[in-house]
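Notes follow once the structure below has been shown.
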Amino acid sequence: TKTVSKCYVQVTGMTCASCVANIERNLRREEGIHSILVALMAGKAEVRYNPAVIHPSAIAELIRELGFGATVMENCGEEDGILELVVKGMTCASCVLKIESTLMKTNGVLYCSVALATNKAHIKYDPEIIGPRDIIQVIKDLGFTTSLVKKDRSASHLDHKQEIRQWKRAFFVSLIFCIPVMGLMIYMGVMDRQLSDAHAHHNMSDEEMEALHSSMVLEYQLLPGLSVMNFLSFLLCVPVQIFGGWHFYIQAYKALKHRTANMDVLIVLATSVAFIYSFVILLVAMAEKAKVNPVTFFDTPPMLFSFISLGRWLEHVAKGKTSEALARLISLQATEATIVTLGPGNVVLSEEQVDVELVQRDDIVKVIPGGKFPVDGRVIEGHSMVDESLITGEAMPVTKKPGSTVIAGSINQNGSLLISATHVGADTTLSQIVKLVEEAQTSKAPIQQFADKLSGYFVPCIVAVSVVTLFAWFIIGFVDFEIVEKYFQVSEVIIRFAFQTSITVLCIACPCSLGLA
């Protein structure tokens, strides 16, 4: 008897099914090669060969001669099959022992663990020797009923609808209050400009200037120290702080609980400090019955929350688009397959409907007109047209006859076909595409990893700079008051000015390009 070994070769440069056919056709002719199976999406060839006649390195060389890149994959034996089952009918520990000991004696089963409490069995097996249906049969023969653990095929974990809704709501809440605040700011800016122009041209005294300033509608004091402008800004800011910033506060709390500082922490810090500082300053001004209205930062939180909520909303919409494509791909997979037993002359002896996860390699699968192909395979009997547009983009149906390859997820049109399964489970083209898209989504680009690393240092640095600014202006203010006086009216106390500068640092760093990206 000739010994048969198996090796795996990584093949690069394949672009379509004709490349696969080219490699398979040429290598089958070579002496010492029993069979070859090439998976296009995985870029992998599985070769059975006679080690006395040919070596894996020679096989790779043969593929290279055909114009493809080829390297022998070391330690890449067939991956163990894993089977998760629900086993009903177990009553005690001896039932568990009976199942485990029987399965472990079965040829091809590598590991078996049965849990009585959850009625679950976890089995590892060698797909070369035994298949999932054989294992289920062994358990059934012992007198237990068994079924596959149902996998969630709905791709619900890829759904971003809830996040999109959440950020959309946060953005519009912030925006509704942000627009009036911006309007007030612009109005105040324009009026201040006109006043300063009037002051310059008419040489008014500071007292006259102040009288004119306070005669403006928004500067009118409802209570001593509380102007219309500040009161309106406060009313517009409170709902945003609570409803618009709710998610940011939750995320920031979670980050701080785990002793990390993310962008949410910075956003919450900037908006909270601006809000609390403005609120306290108002209370102080009212207590002092101040004639001049204090400068507040109530415009900061609504505007910051609006920008950042918009960014998050757009980000989740983009994520949702990619995930939608992936969810559609997953939904293409057939859930069941009809396995047939053939007699002499390809006569169908029996048919059995099984879950697609239970299809084993070399099973004969029947696909009726209008049915989806559950696995990749080769046609052994029948003629039909197949719609492969979902996978290849080819709009016209493709003719299939004995010897043609078929792709899982494509739709059979007019004739009944019998196919021999070549790639099953996670090895099918469709599963490989899904896997590649998922990997592309979860893996980060090097620049993204670098940005994440930077933003880890960014938040503490900004907070530190802000604190340094605060104390620097404290010191400057007490040592040389004239500098503060130059920029501000004398009525503004040093502490207020120091706070304003440090809050400005926080607020400007918040919607920075790094943070938003």
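The values are calculated or read from the model by the stated rules, or taken from the named source; none is laboratory data. Note that the structure is a prediction, hence the values are computed from the model and not measured. Note that each Cβ is placed from the backbone with ideal geometry, even for glycine, and that neighbours are counted across all protein chains shown. Heads up: the accessible areas ignore ligands, DNA and RNA and are worked out on the full protein's heavy atoms, side chains in. Shrake-Rupley method; radii C 1.70, N 1.55, O 1.52, S 1.80 Å.
Quick look at the values:
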quantity	calculated
Some residue of the range 154-174 being open to solvent by less than 60 Å² (accessible area, probe 1.4 Å), at positive phi and either hydrophobic (A, V, I, L, M, F, W, C) or in contact (Cβ under 8 Å) with a residue 60 or more places away in the chain (or both)	yes
Given (1) in contact with a Lys or Arg (Cβ under 6 Å, 6 or more places away or on another chain); (2) open to solvent by less than 50 Å² (accessible area, probe 1.4 Å), index of the condition Val47 fails	(1)
Options Val72, Val38, Val114: the member that is outside any helix (DSSP H, G or I) and more than 23 Å from Asp427 (Cβ to Cβ)	Val114
Selected residue (criterion: farthest from Val398 (Cα to Cα)) from residues of the range 354-377 that are modelled with pLDDT of 90 or more and open to solvent by 70 Å² or more (accessible area, probe 1.4 Å)	Ile368
Segments classed as helices (runs of 4 or more DSSP H), wholly inside the range 390-506, with at least 3 members that are modelled with pLDDT of 80 or more	429-442, 446-479
Pairs, first exposed (fewer than 14 other Cβ atoms within 10 Å of the Cβ) and among the hydrophobic types (A, V, I, L, M, F, W, C) in the range 317-344, second in a helix (DSSP H, G or I) and modelled with pLDDT under 85, C-beta under 8 Å, six or more apart	Ala325/Val437
Residue list for the range 6-37, restricted to those being open to solvent by 40 Å² or more (accessible area, probe 1.4 Å), touching a strand residue (DSSP E or B) at 6+ places or on another chain (Cβ under 6 Å) and touching a residue at least 40 places away in the same chain (Cβ under 8 Å)	Lys6, Gln10, Thr12, Gly13
Total residues in the range 241-261, condition open to solvent by 100 Å² or more (accessible area, probe 1.4 Å) and among the polar types (S, T, N, Q)	0
Residue check for Val53: open to solvent by 70 Å² or more (accessible area, probe 1.4 Å), on the phi < 0 side of the Ramachandran plot, touching a strand residue (DSSP E or B) at 6+ places or on another chain (Cβ under 9 Å) and in the same structural domain as Thr12 (by the TED database)	yes
So Ala42, is it closer than 30 Å to Pro132 by Cβ and either at pLDDT below 90 or open to solvent by 70 Å² or more (accessible area, probe 1.4 Å) (or both)	yes
Hits in the range 412-425 (condition: under 9 Å from Val367 (Cβ atoms) and open to solvent by 30 Å² or more (accessible area, probe 1.4 Å))	Ser416
Selected residue (criterion: nearest to Val38 (Cα to Cα)) from residues of the range 393-411 that are in contact (Cβ under 8 Å) with a residue 40 or more places away in the chain and open to solvent by 40 Å² or more (accessible area, probe 1.4 Å)	Thr405
